[in-house]
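Engineer: Following this message is one structure expressed as structure tokens.
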């Protein structure tokens, strides 16, 4: 996933490498009898300056990429924030429409987070969210996208997954979450999450998909409470 800032930085790196080639060409073009000590010193200083400039550009390039990553990452969890997730969802929708391939959205809402906060403190609640995010990341493919929508709501974009595959994956993830307690000071804390499934449909917007998946999640949560 390349951004305009990264593209500009890389272009600058390429442009900086070009002067080194031009210096080499100039050196080769100088007749041996004109290659005086003064000329050698001047060329050496020029090459050093170009090398310094290239290193500075490389450092700025790395810094730009670091800042872009921070801008797209949730402040608490090591997953995409809402802004970045919606952007990736929009891209996934465009991809599925263009190539006619399936994709689905899973919408997770952690159960009993308030109870965990009230019983063990808000730091325990944060650890429970980190636990949930880690389980999702470790049990989806690298091509899938995990993001936090806010509060105790997380979502996953499942690429190349139709409705049946998405529901199977949702059930598998919910089972893994329920079977993997959070260990807090040696005490196991059960973490559960309700999940809604929404398969991409032509013409849908990211907001419509999120709303549909949220409604599906809420229906499941209601059934679990009354069941």
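Engineer: Would you mind ranking 53, 59, 129 so that the residue whose beta carbon has the fewest other beta carbons within 10 Å leads the list?
Structural biologist: Numbers: 53 14, 59 10, 129 24.
Taking fewest neighbouring Cβ atoms as first place, the list is 59, 53, 129.
Engineer: Here's another thing I want to ask about it. Return the inverse of the average 1/r over all pairs of distinct C-alpha atoms in region 82-226, which is the Kirkwood hydrodynamic radius, in Å to one decimal.
Structural biologist: On the way: mean 1/r = 0.0644 Å⁻¹.
In region 82-226 this quantity evaluates to 15.5 Å.
Engineer: Related question: So how do 223, 86, 197 line up by other beta-carbon neighbours within 10 Å, fewest first? Don't jump to the answer; show the numbers that get you there.
Structural biologist: On the way: 223 10, 86 19, 197 24.
Going from sparsest to densest Cβ surroundings: 223, 86, 197.
Engineer: Got a sec? How would 198, 190 order by Cβ neighbour count within 10 Å, fewest to most? Don't skip to the answer; put the middle values down first.
Structural biologist: Values: 198 23, 190 14.
The order, fewest Cβ neighbours first, is 190, 198.
Taken together, the values in this text are just the output of simple stated rules run on the coordinates, not laboratory data. Note that the coordinates shown come from a computational prediction; the quantities given were computed from them, not determined experimentally. Quick reminder, even Gly has a Cβ in these numbers, built from the backbone with ideal geometry, and neighbours come from all protein chains shown.
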